[in-house]
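J.: Let me give you the structure first, and then I'll get to my questions.
The values are calculated or read from the model by the stated rules, or taken from the named source; none is laboratory data. Because the structure is a prediction, the values reported are computed rather than measured. Note that we place each Cβ from the backbone using ideal geometry, even for glycine, and neighbour counts take in every protein chain shown.
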Amino acid sequence: MSTTGLNKIEKKAAFSLATVFGLRMLGLFMILPVFAIYGEQLTGYSPIWLGLAIGAYGLTQAMLQIPMGMLSDKYGRKPIILGGLVVFLLGSVVAAMSDTIYGVVFGRALQGMGAIASAILALAADITREDQRPKVMATIGMFIGLSFAAAMVIGPIVAQSFGLSGLFWLTAILSIFAMIMIQFMVPHTVNKAPKGDSVALPEQLRKLIKDSQLSRLNSGVFVLHMALTACFITLPKQFVASGLALEQHWQLYLPALLGSFFLMVPFMIFAMKKQKEKQMFTAAVLLLALALSLLWYLPLGFWSLVVLVIMFFTAFNYLEATMPSILSRIAPAGVKGSAMGIYSSSQFLGAFTGGVVGGAIASKFGEQSIFLVMAILCIVWAVLTLGMKPLKKSKNFSFAISLQSEEQADEVAEHLISMPGVLEATLVYQESVAYLKIDEKLADILSIKALLNPQHSN
């Protein structure tokens, strides 16, 4: 098997799991560009209920993300993923058959109860080698980004032809395709990655929530998705008011999203090459705040909307792409699964809060005020980013250990920390595994392996 690239099984896993994740997110995202307009036709419509319908999935996702990951650890990844997709399918059907806003809110909440993100990421970790795992995770992340872009284009087109219910029926069909892929395309495996790398560990959650560096990322992704959801309560209406019919909205979204992707890539390359990641991160948050401020302040015509939407999505896509990477680098060794669980829950909770808060702001102060409030929150976030520590180049590794006692494990851990290039070390004696965060340029991997497995080095 090649150690320089993905092997056949890993390629199959990367494509199939990324597609499943993408299909599900496509179904969740498609109502964003159209619901502000079509939701007005539902019985019981109000701005607050509109916000709830857009963001309801986020609350149930946030509540169940970590528990579903733990269940997948106990009962297996595929059964939990398939069960979650069935729940997602039921939620889509409920929403499709509803002619009231309340039924759509219930259906969206039910969709969110199929919280399979953590189980999919854990399965990806199970099937892949450690040195190739980042490529698989990056593929999944790329498909999530593509699903959002596709949703912005497909949503208005489908809604124009088949109405709001047609969007939910399409979502139901997509979930069936996802089930077929999980059952027949995702490789079967009984091998497991180290638990702490893929699934949240309950005993670690409180400590990680209090971590000052991780909390900045968690609060940041909360604000990012809060702003996204809140803005879509009014953005589609702004487009219509500027003279762009709903069925033509894809003509704005497509070039805006493509333009934002092209703009963000040079910034990412510059940040990595010049080691200016912290500064560029803060700049992206400020760009987001600027775009929101101008959306509030300026009279919005067609071309001003185009420019500001490109600014918004350039910042959004940059932050969305870089934050998981930063998380993986600053999360303590051996608890990446727990850190990602908190991060994902914060993301979905932000989406829910954005819907609720955006709806409340729209009903009390007018829809234009949504942009101002979100801009202020982004400015607060930008201030918080100033306290981020500079990022060190490192990789997470896990090694099997063969130590005779817990006391010996403590001694080895102390020795490891003093070795060049070892930034963090967590030894879990009961699981016979060591989690290390290493600077590959400075560390001597052979010496580390010899220390962890002394009888094999003799």
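J.: For a quick check of your reading of the model, give me the residue pairs whose first member lies in the range 7-36 and is within 29 Å of Q248 (Cβ to Cβ), whose second is charged (D, E, K, R), with beta-carbon atoms closer than 6 Å and at least 6 apart or on different chains.
T.: As it stands, the answer is A36/K237, since those pairs meet every condition given.
J.: Could you list, in sequence order, all residues of the range 411-443 that are of a type in the set (D, E, K, R) and at pLDDT 75 or above?
T.: Answer for the range 411-443, where residues must be of a type in the set (D, E, K, R) and at pLDDT 75 or above: E411, E414.
J.: Would you check which residues across the range 154-172 are buried (at least 18 other Cβ atoms within 10 Å of the Cβ), small (G, A, S) and within 21 Å of Q251 (Cβ to Cβ) and list them?
T.: Within the range 154-172, G155, A159 qualify.
J.: On the basis of being out of contact with any strand residue (DSSP E or B) (no Cβ under 8 Å at 6 or more places or on another chain), in the same structural domain as G243 (by TED's automatic domain parsing), in contact (Cβ under 8 Å) with a residue 24 or more places away in the chain and outside any helix (DSSP H, G or I), does L300 make the cut?
T.: yes
J.: Among the residues of the range 36-51, how many are surrounded by fewer than 24 Cβ atoms within 10 Å (Cβ to Cβ), among the aliphatic types (A, V, I, L, M) and in a helix (DSSP H, G or I)?
T.: The number of residues fulfilling the criteria is 2.
J.: Is one or more of the residues making up the range 204-222 in contact (Cβ under 8 Å) with a residue 60 or more places away in the chain, in contact with a helix residue (DSSP H, G or I) (Cβ under 7 Å, 6 or more places away or on another chain) and under 21 Å from I37 (Cα atoms)?
T.: Checking the range 204-222: not a single residue is in contact (Cβ under 8 Å) with a residue 60 or more places away in the chain, in contact with a helix residue (DSSP H, G or I) (Cβ under 7 Å, 6 or more places away or on another chain) and under 21 Å from I37 (Cα atoms).
J.: Suppose we filter Q213, Q183 for residues that are at pLDDT 80 or above and more than 21 Å from the chain's Cα centre (by Cα); which single one remains?
T.: Answer to the check: Q183.
J.: Then there's this: Search the range 38-72 for residues being closer than 22 Å to L17 by Cβ and hydrophobic (A, V, I, L, M, F, W, C), and hand back the single one that is farthest from the chain's Cα centre (by Cα).
T.: It comes out as L71.
J.: Among the listed residues P236, P266, which satisfies the condition of being outside the structural domain of I48 (by TED's automatic domain parsing) and at pLDDT 90 or above?
T.: Matching residue, one of P236, P266: P236.
J.: For S98, which of the numbered conditions (1) surrounded by 18 or more Cβ atoms within 10 Å (Cβ to Cβ); (2) in a helix (DSSP H, G or I) fails to hold?
T.: (2)
J.: Follow-up question, since we're still on this one. Can you work out which of the residues in the range 55-94 that are of a type in the set (D, E, K, R) and in contact with a helix residue (DSSP H, G or I) (Cβ under 8 Å, 6 or more places away or on another chain) is surrounded by the fewest Cβ atoms within 10 Å (Cβ to Cβ)?
T.: Per the criteria, the residue is K78.
J.: On the given criteria, is L319 touching a Gly at 6+ places or on another chain (Cβ under 9 Å) and over 20 Å from E367 (Cα atoms)?
T.: The answer is yes for L319.
Yes/no per residue for (1) buried (at least 23 other Cβ atoms within 10 Å of the Cβ); (2) within 30 Å of E367 (Cβ to Cβ); (3) under 21 Å from the mean Cα position of the chain (by Cα):
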position	(1), (2), (3)
Q275	no, no, no
A289	no, yes, yes
S293	no, yes, no
L300	no, yes, no
W303	no, yes, no
I310	no, yes, yes
M323	no, yes, yes
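J.: Ok, one more. Go through the range 215-238 and report how many residues are of a type in the set (F, W, Y) and not in a helix (DSSP H, G or I).
T.: 1
J.: Could you check how many residues of the range 106-148 are farther than 29 Å from A256 by Cα and assigned to a helix (DSSP H, G or I)?
T.: 16
J.: Say we look at the range 349-390 and pick out the residues that are β-branched (V, I, T) and touching a Ser or Thr at 6+ places or on another chain (Cβ under 6 Å); which of these is farthest from L110 (Cα to Cα)?
T.: Per the stated criteria, the residue is T385.
J.: Tally the residues that are within 18 Å of S16 (Cα to Cα) and assigned to a helix (DSSP H, G or I), restricting the search to the range 73-85.
T.: 9
J.: Continuing with the same structure: So for the range 249-265 (the condition being surrounded by fewer than 19 Cβ atoms within 10 Å (Cβ to Cβ), closer than 21 Å to L288 by Cα and of a type in the set (F, W, Y)), does at least one residue qualify?
T.: The answer is yes, given that some residue of the range 249-265 is surrounded by fewer than 19 Cβ atoms within 10 Å (Cβ to Cβ), closer than 21 Å to L288 by Cα and of a type in the set (F, W, Y).
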